[in-house]
Amino acid sequence: MNMLRFIRISRLLGDKAVERLSGASVLIVGLGAVGGFAMEALARSGVGHFKIVDFDTIGLTNINRQLLAGESTLGKKKVEAAKARILDINSAAIVDALDLFAHEDTLETIFDGKIDIVIDAIDSLTPKLALLEGAYKRKLPIISSMGAALRLDPSLIRSADLMDTNGCPLAKQVRTKLKRRNVGRGITAVFSTEPVVYDYKEPEDEQYIDLNEQILDRGRPRKVLGSLPTVTGMFGLRVAHEAIMHLIRERFEM
């Protein structure tokens with residue numbers, strides 16, 4: 001790896017931290033508004049091994065907030081666009097791209113191999129619960145993004161143990177349902193305390209038919225929630241920052 005690419009990281013954190021990041025293996029599930037920015041920051045921080053998971057393609061409605069979405073990537077699989085972007089940042093990186101939907105039947109494939117930390121950037125409840133339970137019971141460190149849509153104030157983004165979150169309806173649902181699955185403390189959540197006030201159309205009332213909201217046959221059409229790239233991007237960057245701090249933790253404990 002050309003160390004000049006990450007010399008500013010080493011000047012801040014030291015060569016040992018850069019070596020740790022280069023040797024780290026990060027699993028990112030979900031490459032949308034939050035996951036794409038998390039991936040970008042981790043790649044630019046010198047993480048050496050990525051396993052990226054998403055089953056979706058890039059659509060026109062992704063462009064307002066998703067880093068991977070642009071005129072040149074419309075119609076491409078997100079994992080393909082993500083792999084190309086990571087390697088364009090760091091050609092020495094190893095990228096395992098899995099075009100998969102996260103659920104109970106695919107967890108063994110998703111968690112196969114060396115994983116130092118899991119990034120959960122899934123925006124649907126059922127697969128999110130499956131991933132978090134699977135990672136927790138495998139004793140893998142987890143950074144999980146809660147609801148990033150419908151917020152306007154980036155100063156209210158927080159990180160805490162999932163069981164200590166407040167003000168986020170998604171986090172409340174996730175906490176409640178995971179407790180029923182005997183999942184306890186130990187999952188780091190990135191969330192917002194901003195009150196959620198919104199007005200949205202039901203899926204059947206949407207003017208635009210193709211909103212690129214892919215689902216499996218077992219799923220249901222999802223409501224289209226408003227979001228800003230500034231807030232969702234900052235969620236992704238905060239997730240990446242928490243992951244970096246975990247991966248180089250020993251650097252600060254010495």
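The values are calculated or read from the model by the stated rules, or taken from the named source; none is laboratory data. All figures in this text were calculated on a predicted structure; none of them were measured in a lab. Note that each Cβ is placed from the backbone with ideal geometry, even for glycine, and that neighbours are counted across all protein chains shown. Note: areas computed on protein heavy atoms with side chains; ligands, DNA, RNA excluded. Shrake-Rupley method; radii C 1.70, N 1.55, O 1.52, S 1.80 Å.
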Once fully extended, how much extra length lies between Ser72 and Glu108, figured as 0.36 nm per residue of separation less the alpha-carbon to alpha-carbon distance?
9.6 nm
So, for the Cα atoms of the range 1-149, Rg and Dmax in Å stand at 15.1, 44
Within the chain, what whole-number % of the accessible surface is contributed by carbon and sulfur, with the 1.4 Å probe and all protein chains included in the calculation?
51
Of the trypsin sites (Lys or Arg not before Pro) in the range 97-162, those whose Cβ has at most 14 other Cβ within 10 Å and which sit in DSSP loop:
Lys114, Arg138, Lys139
Heavy atoms of the protein only, probe of 1.4 Å, neighbouring chains included. What is the accessible area of Met234 in Å², nearest 10?
90
In nm, the gap between the two label points placed 7 Å beyond Cα toward Cβ at Met3 and Met163 is 4.3
Which FRET efficiency, nearest 0.05, do Lys139 and Ala84 yield, Cβ-Cβ r, R0 25 Å?
0.15
Hydrodynamic radius by Kirkwood, which averages 1/r over all alpha carbon pairs of the range 1-84, in angstrom:
13.7
With a point put 7 Å past each Cα toward its Cβ, work out how far Leu156 is from Asp99 in nm, to one decimal.
4.0
Leaving ligands and nucleic acids out of the surface, order His49, His241 by accessible area at 1.4 Å, largest first.
His241, His49
No solvent, one uniform scatterer per C-alpha: report log10 I(q)/I(0) for the chain via the Debye equation at q = 0.13 1/Å, two decimals.
-0.81
For the range 10-90, state which GluC sites (Glu not before Pro) are in a DSSP loop and have at most 14 other beta carbons lying within 10 Å of their beta carbon.
Glu71
Excluding same-chain residues fewer than 8 positions from Lys177, which lysines have a Cα within less than 25 Å of its Cα?
Lys128, Lys137, Lys139, Lys223
